[in-house]
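**Student:** Sharing a structure, written as structure tokens. Questions coming.
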Amino acid sequence: MATQKLTEYELKRLENIRRNDEMLAALQLRAKASLLSNATKRSRDGSAKSYKVSPEKKPKKSETPIVIRRSLRTRGMPPDSNSLDVDSNENSDKATLNQTSINREKPSPCVPGPLKMKDAFDGTGSDREFIDALLSFERKPKLGVGVKEEFDCFNVVKEEGHDRVLCGPVKRKVESDNLNCGIKIEKRELEGCVDLGSMSLEPENIARIMPGRIMTVRFFPRNDVNIVAAGNKLGNVAFWNVDSKGETGNGIFLYRPHTGPISGILFQQSCLSKIFTSCYDGYLRLMDAEKEVFDLVHSCDDAIFSLSQHPNDVKSLYFGEGRGGLSVWDDRTGSVSSQWTLHEDRINTIDFNPQNPNIMATSSSDATVCLWDLRKVDAGKPKSLKIVNHERAVHSAYFSPSGSSLASTSFDDTVGILSGVNFEDASRVHHCNQTGRWISSFRATWGWDDSFVYVGNMKRGVDIISPAQRRVIRTLQSPHMTAIPCRFHAHPCRVGMLAGATAGGQVYIWTSS
């Protein structure tokens, strides 16, 4: 058989093999591989000596105790920057003096007693300007009382003795106190008192007033000032004077009177220089600007999750504590006057009907909203007037300004609307309320009339729900809004001013032109 002729590729391959063999022969790699193989066989046969490696001696453990460093934050202490003033080039006497000043730490907010405002102050500079402003409110008459102002076709009436704004052509009539809920309200078709298209967010109305997630936000209830109060998850309470543009400082005053999440902020109606705060740490404190102190008015073993005040009883505070408990603290006796167990889980909000304050609404994590008549609540076995069931936890339930409707916000992705003579008409508006772990839960809030409900959304906007149309009719958005607003409050004396707070400590104030 004739030998086949090799191709050009095969010839080149044979040439490469030959050249590689020559290179290996020149390096004597095969001989070295043979020697290495023989040495390996001898070690397996035991011909090579074996050496026993003695274990390395471990050094003796030092008897000096290990000190675990803990930061000031984990110990519940405010940050201290005095150590930055110590100059290493100075003499030892001055360094010793500075070290002594460092060791004098501020009292902890968890101290069961009064806490001076200067010790609780966590901001920069001085808070004297803010304290003087609070005291000046008591020397000034309340502006706007009994004043009637026109907003387009809508009348805004400020009731005598209150700074609450009543808007709209709403006809109210209390038929009888013996009805199921004691309220009958006849109303004509509501028209919004605010032009939603004119609401805007200006850069000067945006500020980061505190660190951490904001749990509650409130406007100061006066129409001659524009001050926002907010509480966060770290126990801080901040006040932002929005009108302090151009003055010394930024108008932000930060305090830390608590050690846990702030659950409520209330302005005492009879004396606006006194502000109540409640916290998950179980403390109720009263910020008294005249005494310059955060006074401890009540403490309990359980966390306080909600705080409210009866409109006709400024001497009483209603707060939800523990798993479903509601207590009434009486300022005249300095103690708790009543206690009930109203829910199976924590009470998230407490609200009173503005038309009939004897009717109270509570929302709970047990997935229910309950209406109560305070005149008929039995201490042994309280019985509610009405129970509204949701599929998951209910984070809020608020009455409308006229008291004819109730809006609830649940984690089952709905905003519930109750209306009718005895709140028998129930409707649900779908709204995504899944805020996750790092953002405070959404709480739908009424505006200045019964026309609209405001609630945040996960796209950095404010959804406006119409109870009449049972849907979201508009979303407020702005390029200046860089975070998700979760808690809201409508200014009680300035129609069209809405504050929204975020998980990053920012406050956004929408205004209507």
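**Student:** If the Cβ limit is 7 Å and pairs must be 6+ apart or interchain, which residue in the stretch 270-297 that is more than 17 Å from residue 318 (Cβ to Cβ) and of a type in the set (Val, Ile, Thr) pairs with which residue that is open to solvent by 10 Å² or more (accessible area, probe 1.4 Å) and at pLDDT 95 or above?
**Tutor:** As it stands, the answer is none, since no pair meets every condition given.
**Student:** Let me ask something else. Would you check if residue 314 is farther than 28 Å from residue 393 by Cα and β-branched (Val, Ile, Thr)?
**Tutor:** yes
**Student:** Please note which strands (runs of 3 or more DSSP E) are completely contained in the stretch 460-503 and include at least 2 residues that are farther than 19 Å from residue 406 by Cβ and charged (D, E, K, R).
**Tutor:** Details: elements: 461-466, 471-476, 485-490, 498-502.
So the answer is none; nothing clears 2.
**Student:** Then there is this: With the structure loaded, tell me whether residue 427 is assigned to a strand (DSSP E or B), among the polar types (S, T, N, Q) and under 22 Å from residue 501 (Cα atoms) or whether it fails that test.
**Tutor:** When the stated conditions are applied, residue 427 does not pass them.
Residue-by-condition table, conditions (1) modelled with pLDDT of 95 or more; (2) of a type outside the set (Phe, Trp, Tyr); (3) in a strand (DSSP E or B):
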position: 298; (1), (2), (3): no, yes, yes
position: 302; (1), (2), (3): no, yes, no
position: 312; (1), (2), (3): no, yes, no
position: 332; (1), (2), (3): no, yes, no
position: 348; (1), (2), (3): yes, yes, yes
position: 354; (1), (2), (3): no, yes, no
position: 375; (1), (2), (3): no, yes, no
position: 380; (1), (2), (3): no, yes, no
position: 384; (1), (2), (3): no, yes, no
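**Student:** Follow-up. Please find, within the stretch 301-312, the residue that is farthest from residue 363 (Cα to Cα) out of those that are open to solvent by less than 40 Å² (accessible area, probe 1.4 Å) and more than 22 Å from the chain's Cα centre (by Cα).
**Tutor:** 311
**Student:** Select, from 329, 340, the only residue that is of a type in the set (Phe, Trp, Tyr), more than 19 Å from residue 265 (Cβ to Cβ) and open to solvent by less than 40 Å² (accessible area, probe 1.4 Å).
**Tutor:** Only one candidate qualifies: 340.
**Student:** Also: Of the residues that sit in the stretch 465-495 and are among the small types (Gly, Ala, Ser) and within 23 Å of residue 238 (Cα to Cα), which one is surrounded by the most Cβ atoms within 10 Å (Cβ to Cβ)?
**Tutor:** 490
Residues checked against (1) at pLDDT below 90; (2) over 19 Å from residue 137 (Cα atoms):
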site: 194; (1), (2): yes, yes
site: 197; (1), (2): yes, yes
site: 204; (1), (2): no, yes
site: 209; (1), (2): no, yes
site: 228; (1), (2): no, no
site: 235; (1), (2): no, yes
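**Student:** Still on this model: In the stretch 383-400, what residues are open to solvent by 30 Å² or more (accessible area, probe 1.4 Å) and more than 17 Å from residue 311 (Cβ to Cβ)?
**Tutor:** 383, 385, 386, 387, 389, 391, 392, 395
**Student:** Still on this structure, I have one more. From 474, 428, 487, 470, which residue is among the basic types (Lys, Arg) and closer than 16 Å to residue 214 by Cβ?
**Tutor:** Being among the basic types (Lys, Arg) and closer than 16 Å to residue 214 by Cβ holds for just one of 474, 428, 487, 470, which is 487.
**Student:** I'd like the residue in the stretch 401-455 that is closer than 25 Å to residue 232 by Cβ and free of Cβ contacts under 8 Å to residues at least 24 places away in the same chain and, out of all such residues, is surrounded by the fewest Cβ atoms within 10 Å (Cβ to Cβ).
**Tutor:** Going through the qualifying residues, I end up with 437.
**Student:** A further question on this structure: In the stretch 353-369, what residues are under 24 Å from the mean Cα position of the chain (by Cα) and open to solvent by 10 Å² or more (accessible area, probe 1.4 Å)?
**Tutor:** 365, 366, 367, 368
**Student:** So which residues in the stretch 314-327 are more than 24 Å from the chain's Cα centre (by Cα) and outside any loop (DSSP other than H, G, I, E, B)? Give the derivation first.
**Tutor:** Initially, the stretch 314-327 is screened for residues more than 24 Å from the chain's Cα centre (by Cα), giving 314-316.
Correct list: 316 only.
**Student:** List every residue pair whose Cβ atoms lie under 7 Å apart, where the two residues are 6 or more positions apart in sequence or sit on different chains, the first residue falls within the stretch 336-358 and is over 11 Å from residue 325 (Cα atoms), and the second residue, located anywhere, is among the acidic types (Asp, Glu).
**Tutor:** Filtered contacts from the stretch 336-358: 337/330; 358/373.
The values are calculated or read from the model by the stated rules, or taken from the named source; none is laboratory data. Just so it is clear, the model here is predicted, and its values are computed rather than measured. Backbone-built Cβ (ideal geometry, glycine too); neighbour counts: all protein chains shown. The protein model used for the area step is the full one, side chains on, heavy atoms only, and it has no ligands, DNA or RNA in it. Shrake-Rupley method; radii C 1.70, N 1.55, O 1.52, S 1.80 Å.
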